[in-house]
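The values are calculated or read from the model by the stated rules, or taken from the named source; none is laboratory data. Bear in mind the structure is a predicted one, so any value in this text is a computation, not a measurement. Don't worry about glycine lacking a Cβ; one is built from the backbone with ideal geometry, like all the others, and counts go over all protein chains shown.
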Amino acid sequence: MSKGDSIAASPLWAKPGAAIAADAMAFMSRDDVLLDRELFPFDILATRAHVKGLASIRLIEEADASRINTALVELDRLFASGAFVLDERYEDGHSAIESFLVDKLGEAGKRVHLGRSRNDQVAVALRLYMKAVLDHARTSCVAIGRAALAVARTHEMDAMPGYTHLQRAVPSTVGLWMGSFAEGFADVAELCALTRSWLDASPLGTAAGYGVNLPLARQSVSDELQFSRLQVNPMAAQASRGRLEHQVVATLWQAMQEVRRLAWDFSLFSAEEFAFVTLGPGFVTGSSIMPNKKNPDMVELLRASAAVVGGAMTEIQQAMSLPSGYHRDLQITKPSLLRAVNVSLEALSHIPSLIETATLHTDRMRAAMDSAMFATDFAVKLAGEGVPFRDAYVRAAQAIEEMDDDVCDADASVRARVSPGACGNLMLDVIAARLG
Ligand code: ARG
C-alpha cells in the first residue's frame with residue numbers, strides 16, 4: 001500500500017467517520033502485531049477465562065460461552081501449528097482473536113469483548129507471559145548453579161590464585177571460585193521467584209483503566225488464570241504497565257551479570273598467559289587467517305548479551321514518564337521486554353554446558369602462585385599469636401622476600417582458611433540446599 005491509502009482490514013474501533021492512512025496504521029502496528037505472536041497463547045488463555053467469567057454472571061449464554069471456548073482452543077492449536085498466522089492483516093493480537101471468533105461464530109463472537117478493553121487485555125497477557133518467563137529463567141539459573149556446584153565439589157580444595165584488581169592477592173581454590181557462581185545463580189533464582197510474586201496479580205476486568213458498570217467476576221477469573229491475587233485498582237493496573245516489564249528485565253539483567261562475570265573469567269583464564277581453562281570444543285571458533293587460533297567467540301557474545309539486556313532496560317526506563325491512564329507510548333516497552341527475554345533465556349541455556357565442558361588446568365593454577373601471596377596468611381598468623389595486626393602487617397611486608405616454605409604451602413593455606421564460606425569451610429551444602 002502506498003502512502004495515504006486507507007486501511008484494508010477494519011480495526012476493532014472501525015465506526016463511521018474513523019479514517020486513518022495505511023502508512024500511519026503500519027507505523028503504529030507493524031512490529032507490534034508481529035511481537036504479539038509471543039503473547040498470543042496467553043491472550044487466548046486470558047480470553048477463555050474472561051468468557052467463563054462473563055458466563056458466570058450471565059452476561060453471556062452458557063451455550064455461546066462454550067462455543068467461544070471451543071473456538072479459542074482451536075485457535076490456539078491452529079496458531080501453534082502455523083495454520084493461523086498472526087500478521088499485518090490485524091492491528092494486533094487482540095483484534096485477531098476477536099476477528100477469528102466473529103468469522104467462526106458470527107453473533108456469539110461479537111460478545112467476547114464485553115467488560116474488557118485492550119488495555120487490560122494486553123496487561124493480563126503480558127503478566128502471564130512474564131510469569132512464564134520468570135519460571136523459565138529460575139529453572140535455568142538453578143541448572144547453572146548446580147553445574148557450577150558440581151565443579152566446585154570436584155575441585156573443592158584445588159588451589160588457584162585469588163585476584164583483586166587482577167593482581168595476585170591470596171591463595172584461593174577452584175571450589176571457592178566455582179562456588180561463587182553456584183551461590184550467585186542461587187541468588188538470581190530467588191530474585192526470579194520474588195519478581196514473579198511481585199507481579200502475580202490479575203489486572204483483567206479493570207478494562208480501560210476505570211472499571212465498568214458490571215459486577216464482573218474478577219476474583220474467579222483471576223483464580224482461573226492462577227494469579228495469586230487481584231490488582232485491585234484499575235488505574236494502578238494501568239500505571240504498572242512498563243514498570244513490571246522493567247523489573248522483569250532488571251531481574252534478567254542480574255542473571256546476565258553473573259553470565260558476564262563467568263564469561264569474563266573464562267575468556268581471561270583461557271588466554272595462554274593464564275591457561276587455567278580450556279574451553280570445550282563447542283565454545284570456540286577458528287580464525288579466517290590465523291590457522292593457530294581458537295577464539296572464545298561464544299563466551300564473548302554471552303558477555304555482550306548482558307549489554308543488550310541493559311539496553312532494553314534503559315529503553316523501558318525512558319518510556320516511563322507518563323501521567324495516569326493508558327497511553328500508547330506503553331506499547332514501546334513491548335519490543336524491549338521481548339528482546340531482553342529472548343536474549344537472556346538463550347544465553348542462560350548455554351551456560352551449564354559451558355561449565356561442564358571446560359577443562360581446568362589445576363597444575364597451571366598452582367604454578368601461578370608466588371610466595372608474596374602468602375603474606376596475608378603470615379600477618380594473620382602472627383596476629384593470632386598476639387602481635388597487634390598492624391605490627392604483624394608491617395613485619396609480613398618486610399618478610400615477603402624471605403618467606404619460607406612452610407608458610408608458602410598452598411594446600412595448607414587454603415585448608416586453614418576456615419572463616420565460614422572461605423576455602424577451608426566452603427559450606428557448599430548450604431548453597432546446594434538453596435538450589436534444591
Ligand atoms: N498494542 C497496544 C499496546 O501494546 C494494545 C493496547 C491498545 N490500546 C489502545 N487503547 N489503543 O499497548
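Any chance you could count how many residues in region 207-218 are out of contact with any Ser or Thr (no Cβ under 8 Å at 6 or more places or on another chain) and in contact (Cβ under 8 Å) with a residue 24 or more places away in the chain?
Here the count works out to 5.
Listed here are the residues, each with its yes/no results for (1) more than 30 Å from residue 360 (Cα to Cα); (2) within 16 Å of the ligand (Cβ to nearest atom).
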residue	(1), (2)
222	yes, no
229	yes, no
256	no, no
270	no, no
274	no, no
288	no, no
314	yes, no
329	yes, yes
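Over 27 Å from the mean Cα position of the chain (by Cα), at pLDDT 95 or above and either under 24 Å from residue 252 (Cβ atoms) or part of a loop (DSSP other than H, G, I, E, B) (or both): does that describe residue 156?
It is true that residue 156 is over 27 Å from the mean Cα position of the chain (by Cα), at pLDDT 95 or above and either under 24 Å from residue 252 (Cβ atoms) or part of a loop (DSSP other than H, G, I, E, B) (or both).
Restricting to region 185-220, count the residues that are closer than 23 Å to residue 325 by Cα and assigned to a helix (DSSP H, G or I).
The qualifying residues number 3.
If you go through region 337-351 one residue at a time, do you hit one that is under 21 Å from residue 34 (Cβ atoms), within 14 Å of the ligand (Cβ to nearest atom) and modelled with pLDDT of 95 or more?
So far as region 337-351 goes, yes, one or more of its residues are under 21 Å from residue 34 (Cβ atoms), within 14 Å of the ligand (Cβ to nearest atom) and modelled with pLDDT of 95 or more.
Quick test for you: out of 23, 36, 31, pick the one residue that is farther than 30 Å from residue 223 by Cβ, surrounded by 13 or more Cβ atoms within 10 Å (Cβ to Cβ), touching a residue at least 24 places away in the same chain (Cβ under 8 Å) and not polar (S, T, N, Q).
Result of the check over 23, 36, 31: 31.
Give region 89-119 a look and list any residue that's assigned to a helix (DSSP H, G or I), among the hydrophobic types (A, V, I, L, M, F, W, C) and more than 16 Å from the ligand (Cβ to nearest atom), or say none.
Passing the criteria: 100, 101, 102, 105, 108.
List pairs: first in region 310-333 and without any contact (Cβ under 8 Å) to a residue 12 or more places away in the chain and under 12 Å from residue 241 (Cα atoms), second in a helix (DSSP H, G or I) and more than 9 Å from the ligand (Cβ to nearest atom), Cβ under 6 Å, 6+ apart or cross-chain?
329/319
Yes or no: region 226-247 includes at least one residue that is closer than 28 Å to residue 55 by Cα, among the β-branched types (Val, Ile, Thr) and part of a helix (DSSP H, G or I).
no
Within region 120-139, work out how many residues are buried (at least 24 other Cβ atoms within 10 Å of the Cβ) and either among the β-branched types (Val, Ile, Thr) or away from the ligand (no atom under 16 Å from the Cβ) (or both).
Going through region 120-139 one residue at a time, the tally reaches 5.
Restricting attention to region 30-69, which residues are part of a helix (DSSP H, G or I) and either more than 30 Å from residue 337 (Cβ to Cβ) or out of contact with any helix residue (DSSP H, G or I) (no Cβ under 9 Å at 6 or more places or on another chain) (or both)?
30, 34, 55, 56, 62, 63, 64, 65, 66, 67 - these are the residues of region 30-69 that are part of a helix (DSSP H, G or I) and either more than 30 Å from residue 337 (Cβ to Cβ) or out of contact with any helix residue (DSSP H, G or I) (no Cβ under 9 Å at 6 or more places or on another chain) (or both).
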